[in-house]
Amino acid sequence: MSDQTLLELPKKVDQFQKFPGTRYMGSKRKIINAIWEILSQYKFHSFFDAFSGSNIVSYFMKTKDKKVVTNDFMSMSYYMSKAIIENDNVVVSDEICSFLMETSNDYKFINQTFSGIYFTDDENQFLDRVRGNIESLADEYQKAIAVAALVRACMKKRPRGIFTYTGNRYDDGRVDVKKSLRSHFVESVKLLNQAVFSNEYKCKAHNENIFDLKQGEGLDLVYLDPPYYNPKGDNDYVRRYHFVEGIAKYWNGLEIQE
């Protein structure tokens, strides 16, 4: 083994460890090495993740120097992919982060619509303020990082990380539940910034129904991990994450799940 190989290996391992994870349903973090053991048997330079979900598989492939193309019909997943897969050099500065949290605006939708359901009124006002200010960001990648950070903050703060129940019945005393949304947001921005890197390929993120996506030509390997579907339980992404999907889209075109 050459000295060059010895030097490169830790760099790649360290980069993957910067992935800003959550308790996302179906995340492949625990089996990512097993997936790679299978896929690495094939020769491929480009990788299409048709249902990117948590984005951990796509991020892993980006650290393996693959040209990665992602898709997910959930906007919350798309913004994460836009922030750390497609984006290769843009970050959110401390000044922009402070602007998002401190600048007043007229956004009130979350506090008016979800009062007493998932978060306190003060926390809802914080979400309204940050989400409203995100709309004024001109850079698409800074916007993606900010949206992904706000979604992650909500999921980390929420017991079980889901939104199919009200109140805090599943509060098990985790540190994440005790931390403020503000602290989670600041931490998430920092983690997403650290996850940004270039593998010298121009990666791309899509946010479409897979049946409508005209992407696939010229890609070497297609990875299909379709979503779970259960019409009666909460084992469904749309129901489980409807609030943070609303955060991502600011409810544009979404029906409120009363």
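The values are calculated or read from the model by the stated rules, or taken from the named source; none is laboratory data. All of these numbers come straight from a predicted model, not from anything done at the bench. Note: ideal-geometry Cβ built from the backbone for every residue, glycine included; neighbour counts use all protein chains shown. Keep in mind that these areas ignore ligands, DNA and RNA; they rest on the heavy atoms of the full protein, side chains included. Shrake-Rupley method; radii C 1.70, N 1.55, O 1.52, S 1.80 Å.
Tabulated values for the structure
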{"item": "Matching residues, the stretch 152-168, being over 16 Å from Lys179 (Cβ atoms) and open to solvent by 10 Å² or more (accessible area, probe 1.4 Å)", "result": "Thr164, Tyr165, Thr166, Gly167"}
{"item": "Among the residues listed as Thr63, Thr120, the single one being among the β-branched types (Val, Ile, Thr), out of contact with any Leu (no Cβ under 7 Å at 6 or more places or on another chain) and without any contact (Cβ under 8 Å) to a residue 24 or more places away in the chain", "result": "Thr120"}
{"item": "Within the stretch 215-233, considering residues that are more than 23 Å from the chain's Cα centre (by Cα) and open to solvent by 60 Å² or more (accessible area, probe 1.4 Å), the one modelled with the highest pLDDT", "result": "Asp220"}
{"item": "Residues (closer than 19 Å to Gln17 by Cβ, open to solvent by less than 10 Å² (accessible area, probe 1.4 Å) and out of contact with any strand residue (DSSP E or B) (no Cβ under 9 Å at 6 or more places or on another chain)) located in the stretch 64-99", "result": "Ile84"}
{"item": "Filter pass, Glu245 being closer than 16 Å to Ser77 by Cα, open to solvent by less than 80 Å² (accessible area, probe 1.4 Å) and not hydroxyl-bearing (Ser, Thr, Tyr)", "result": "yes"}
{"item": "Cβ-Cβ under 9 Å pairs, at least 6 apart or on other chains, the stretch 141-165 side more than 18 Å from Glu86 (Cβ to Cβ), far side outside any helix (DSSP H, G or I) and among the acidic types (Asp, Glu)", "result": "Pro159/Asp171; Pro159/Asp172; Arg160/Asp172; Ile162/Asp234; Thr164/Asp234; Thr164/Asp236; Tyr165/Asp234"}
